[in-house]
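Enquirer: Questions regarding the structure given below will be posed in turn.
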Amino acid sequence: MFFRRKVAISPSGGVPERNQVSGQVPTIDLDMSGQQHQRDEAHQKVNLFQQNEMENEERYEDDDPKIWRRIVRHWPVISQPLNLLVIFLLAWGVGYSLLPQYTSPDTAFMRMIFLFVGGEFFGVVVNLIGLPDMLGMIAWGVFYRNVGLGNFHGLEGLEAILRELALVNIMLLAGLGLDLEALRKLFGMVMRITLIPTAAETTIVAVLAVYLFKMPWLWGFLLGLVITAVSPNVVISILLQLKELRLGLNKGIHTLIIAMTSCNDVISIFCFGVLLGVIFSSGNLTDQLLQGPIGIVLGLVAGFGMGVFLTLMPSNKSTYSTGLRVVTIVMAGVLGVVGSKAISYPSAGALSCIVVSFVAGTGWRKHHAKEAADITTYLDLMWKFMKPISFSMIGKEVAFNLLEGETVLYGFIILIVGVLIRVVFAYASLMGGELNWKEKAYVTISSCPKATVQAALGPVALDLARKMESPGDTKVYANQVLIVSVLAITATAPLGALLMTKLAPSWLKRSPPVTVDANGTPADRY
């Protein structure tokens, strides 16, 4: 008769690696027969490892300054962005050695590089004081723009490409974070928390804009659609951190938030395009109305087809299967985003990224669990590079010289009321599920940060009004849309990120380490 017991081992078979958060180690099911001695030895090594680590922590707490203890405690996290800074500097050194005329500090290209390097540096600094690193990156972008360094003349195309790459990266990670079983179970809740709060916030923003800004109703709803979009960069970036800490992995909370964010953005961007076409009479109204549904179908079909392809090719027995899959899924995501804009169906882009990674990730986890984890790790490493680029560019959109006294006052009123209405309706949309009140409140808060979509859509109406030489009133309304978009980024992105980060440990449940069987397949699902 054989017994089975969970024994802590490391992937290399040596001393187990300690989980940075829980202090526990990954476990794997092994047959007890004939392995009692090895198991006891492993437990002794674990105890010795934990005892030494505790002694080290106590020594730091007793003898060293507080800032040094914080650096030592968080060194595994801090060392990564510091290494990225070194990589940036090495790359610049190579570039300056080969092409000094393009890489001298006074060129637009180097000003762009310094924006990203500064964002990474201030992200580390802010993280040291216990705040989300993205706050430092956004703050650096705001400073950069308002001291006159944010003009990258001649590099607008490169700036747009970098924005698209950041969007592709975060959407691919979002799709890989979706769980099929949880999505099936939570589909009704996803639809409720997407449609009800979005409609409520858009409507109240439109009403307030009509009475405070004296906007026409179409412009009021246009502003509402810009404001109601949730920032995938902010929300999903924090979810990735929570996944590393194994917070909120129960009850499909991550899947619920990711699906809500994605669906909310698809709806708001689609409706924004329709209203913009009606206001400026650009194109046939029927074509405008069909653009959204056609884009959604294209995104679903293209994403599903490429996702199936990635589950089948290359063979998992190929030497470089992981690398080939990483390159293929990134290129598929990039083509989906830029290609959808090229054929005038932009709503298909981000959706195709999520679908391809969701379909491929589901297949990989089912048949090649270790490879799925490796691919996620590579994409997460790519995000380490793209994160300062994304958030420093978001901060760069905040120009203080655009802000006008009365518009700022009314804009803040509209934002505060709109967010409060969204919070109320979002919480009500979660009633009747399995979530407790803290989990419902956390999901509700995660629907509030606004940054990425506002940075993209905010200037569109004003650019179009200038291009078409529209009447003065139209430019005034478009400028008000831009100003309120800037206010939304300034107020909700940092506050939302801070709340999501600080409330997660007390409001979300921490899941135990993943248990895997002898084939490396996870025994628990989340």
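The values are calculated or read from the model by the stated rules, or taken from the named source; none is laboratory data. Keep in mind that what you see is a predicted model, and the values were worked out from it rather than measured. A quick note on method: Cβ atoms are made from the backbone with ideal geometry, for glycine too, and the neighbour counts reach across all protein chains shown. These accessible areas exclude ligands, DNA and RNA; they are computed on the full protein's heavy atoms, side chains included. Shrake-Rupley method; radii C 1.70, N 1.55, O 1.52, S 1.80 Å.
Enquirer: Which members of the range 113-132 meet the condition of being surrounded by 19 or more Cβ atoms within 10 Å (Cβ to Cβ) and either among the small types (Gly, Ala, Ser) or at pLDDT below 80 (or both)?
Expert: Within the range 113-132, GLY118, GLY119, GLY123, ASN127, PRO132 meet the criteria.
Enquirer: Right, another one. Could you grab me the full set of residues in the range 447-476 that are buried (at least 24 other Cβ atoms within 10 Å of the Cβ) and either in contact with a Pro (Cβ under 7 Å, 6 or more places away or on another chain) or outside any loop (DSSP other than H, G, I, E, B) (or both)?
Expert: Selection gives SER447, THR452, VAL453, GLN454, ALA455, ALA461.
Enquirer: Hey, another quick one. Exactly one condition in (1) in contact (Cβ under 8 Å) with a residue 12 or more places away in the chain; (2) open to solvent by 60 Å² or more (accessible area, probe 1.4 Å); (3) of a type outside the set (A, V, I, L, M) is not met by GLN101; state its number.
Expert: (1)
Enquirer: Please give the number of the condition THR255 fails out of (1) over 17 Å from GLY418 (Cα atoms); (2) over 17 Å from the mean Cα position of the chain (by Cα).
Expert: Tallying (1) over 17 Å from GLY418 (Cα atoms); (2) over 17 Å from the mean Cα position of the chain (by Cα), THR255 fails exactly one: (2).
Enquirer: Within the range 415-422, is even one residue over 30 Å from GLU120 (Cβ atoms), open to solvent by 60 Å² or more (accessible area, probe 1.4 Å) and either assigned to a helix (DSSP H, G or I) or not acidic (Asp, Glu) (or both)?
Expert: Yes.
Enquirer: Here's something else I'd like to know. At pLDDT below 85, in a helix (DSSP H, G or I) and open to solvent by less than 20 Å² (accessible area, probe 1.4 Å): which single residue out of ALA360, ALA372 fits that description?
Expert: Every option except ALA372 fails the conditions.
Enquirer: To continue, here is another question. Keeping to the range 144-160, report how many residues are touching a residue at least 12 places away in the same chain (Cβ under 8 Å) and either closer than 22 Å to ILE71 by Cα or of a type outside the set (D, E, K, R) (or both).
Expert: Count: 10.
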